[in-house]
1. Which of the three applies to segment 1-91, rounded, prolate or oblate, going by the alpha-carbon gyration tensor with a ≥ b ≥ c and a/c under 1.5 meaning rounded?
2. Restricting attention to the chain, give the cysteines that have no other cysteine Cβ less than 4.7 angstrom from their Cβ.
3. Can you classify segment 3-156 as rounded, prolate or oblate using the Cα gyration tensor, where a ≥ b ≥ c are the square roots of its eigenvalues, rounded means a/c under 1.5, and otherwise it's prolate if a/b beats b/c and oblate if not?
4. What does the charge dipole of the chain about its Cα centre add up to, to the nearest 20 debye, if the Cβ of each Lys and Arg holds +1 and the Cβ of each Asp and Glu holds -1?
5. Apply the Karplus parameterisation 6.51 cos²θ - 1.76 cosθ + 1.60, with θ equal to phi minus 60°, to every residue of segment 160-172 and state each ³J(HN,Hα) to the nearest whole Hz, in sequence, with x for glycine and proline.
6. If you find the alpha carbon centre of segment 10-41 and of segment 135-202, how far apart are they in angstrom?
7. Of GLY23, PRO115, LEU79, which is farthest along the charge dipole of the chain in the positive direction, counting Lys and Arg as +1 and Asp and Glu as -1 at C-beta?
8. With point charges of +1 on the Cβ of Lys and Arg and -1 on the Cβ of Asp and Glu, referenced to the Cα centre of the chain, which listed residue (THR42, MET189, TYR94) lies farthest in the positive direction of the dipole?
Amino acid sequence: MQNREVTSFDEKGRPVASHSYGGNGRLISEASTLFGSDGDSTTSKIYDESGHVASNERTHMSADSTRVDRWAYDSKGDLVWHLALNSEGELLSYSYDFGYKPKLSSSDSLGICRPRLCVDYKFDEDGSGRIEKLVQHTSGEGNLEPDSEEHYNFDGILDEKVEIKYARDVNGNWTSRSVFVCDATSNQMIEIEYDARTIEYY
């Protein structure tokens, strides 16, 4: 056995706790969710090889889904950063413990993702507290196939804009797509990639 995961549910069938274990039985990560009248709060932790907390984060979604707050704590339990977002994924406020460097390189989004829109934030891992931002728009086929992306660098400047155009079959699956990137010099969208595929249904 390489790993084992145990999930607990409440009387409404909602997942309230999960624990992941390695092949040697060591706890790798855990998460728990509290459902309340003021919103839902989720706490997640990741442990290192020695069993110490390497990542400790908490997320609170307001009851009306108009605000998301995220907090991160170091191994001592001290707050190291906080983000507050509205329902459109716009950054309302944030704080960062200058000089803090996470033990683990994070690939998780600190933003929100919903049909037609994903907004992702990531802190610079050099301890400066700067944030980069990625915005993805979709037309409803799914967030794995964005129609456009805008990337804002750590200085808040738009440094890349991409548009993707699809041709789809009767089942909604794309059969060809073209990728366009904005050229900073001409301010024109230039096609840089074209993909085609054949799908057989049986």
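1. It is oblate, given that a/c is not under 1.5 and a/b is not larger than b/c.
2. Here CYS182 come out as lacking a disulfide-compatible partner, given the Cβ-Cβ threshold of under 4.7 Å.
3. oblate
4. I would put it at about 580 debye.
5. 7, 9, 10, 10, 10, 10, 10, 10, 10, 8, 5, 8, x
6. Segment 10-41 and segment 135-202 have Cα centres separated by 35 Å.
7. GLY23
8. The one lying farthest along the dipole's positive direction is THR42.
Rule-based calculations on the coordinates, nothing more; no lab input. Note that the structure is a prediction, hence the values are computed from the model and not measured. Methodologically, a virtual Cβ is constructed for each residue, glycine included, from the backbone with ideal geometry; neighbour enumeration extends over all protein chains shown.
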